[in-house]
1. At 1.4 Å probe size, what's the solvent-accessible area of GLU80? Round to the nearest 10 Å².
2. Tell me the net charge near VAL181. Cut-off is 9 Å between Cβ atoms, VAL181 excluded, with +1 for each Lys or Arg and -1 for each Asp or Glu.
3. Against the longest alpha carbon principal axis of the chain, how many degrees, from 0 to 90 and to the nearest 10, is the axis of helix 22-31 turned?
4. Give the angle, between 0 and 90 degrees and rounded to the nearest 10, that separates the Cα long axis of helix 74-87 from the longest principal axis of the Cα atoms of the chain.
5. With a 1.4 Å probe and all protein chains left in place, how much accessible area per residue does the chain have, in Å²?
6. Compute the Rg to Rh ratio over the stretch 1-100 from the alpha carbon atoms, using the Kirkwood formula for Rh, and round to two decimal places.
7. For LYS5, what charge total do you get from the other residues with a beta carbon under 13 Å from its beta carbon, if Lys and Arg give +1 and Asp and Glu give -1?
8. To the nearest 10 degrees, how steep is helix 140-156 against the longest Cα principal axis of the chain, on a 0 to 90 scale?
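The values are calculated or read from the model by the stated rules, or taken from the named source; none is laboratory data. Please read all numbers here as calculations on a predicted model, not as lab measurements. Quick reminder, even Gly has a Cβ in these numbers, built from the backbone with ideal geometry, and neighbours come from all protein chains shown. Surface areas here come from the heavy atoms of the whole protein model, side chains and all, with no ligands, DNA or RNA. Shrake-Rupley method; radii C 1.70, N 1.55, O 1.52, S 1.80 Å.
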Amino acid sequence: MAKVKGVALLSRLQMLKEHFGDAAFHKIVGELTQDSRDLLTGGGVISSSWYPAEVLKDLDDSIAKTLKASHPRAMEELGEMTAQMGLTTIHKLKIKTTPEDTFTRVPQLWSAFHDTGEMDIESAPGKATFRIKGYGMPHRTFCRNLVGWANKMVELSGGKNVSTKETKCVCNGDDCCEMVVTWD
């Protein structure tokens, strides 16, 4: 069973409240399974502990479903906020002055938040290919979140006019999830 760190859940909840407001937050929480709702609203989630990845999937799916009409890019926006929050504070040493330099440090972050899978990055000037392989709980909404995260990470590393496109997804039968990021 795949697991995620509590900090991934807590930060997602915090960003939901701050960016989309209390009404949206409560509507999203109301769409969760009872087990996920009890865990996420019971005050028992600890940042450094591991939790079933199904809870993150349930939360992501609820966010996408609840906000799709008013915020069709909600998952990408949350990915951008996650990168902004984490890569400018606790993980700011991972960010370097060029995207290429940052790419040598970022893949290690995957295992800080997920107990299955791995991330690798191949890069050339102005272009990088991110691959996630072996993740135990892949889901479309998470891939959308990763697109936003990768986009913001490249911006924080000095990339301009950044564009991120998903090119493969295990949810579509591919061997990995893959995103191609380009920038000036």
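1. The value for GLU80 is about 40 Å².
2. Summing Lys and Arg as +1 and Asp and Glu as -1 gives +2.
3. 80 degrees
4. Orientation of helix 74-87: about 70 degrees from the principal axis.
5. 48 Å²
6. When Rh is taken as the Kirkwood radius, the ratio is 0.99.
7. So the surrounding residues net to +1.
8. So the inclination is approximately 50 degrees.
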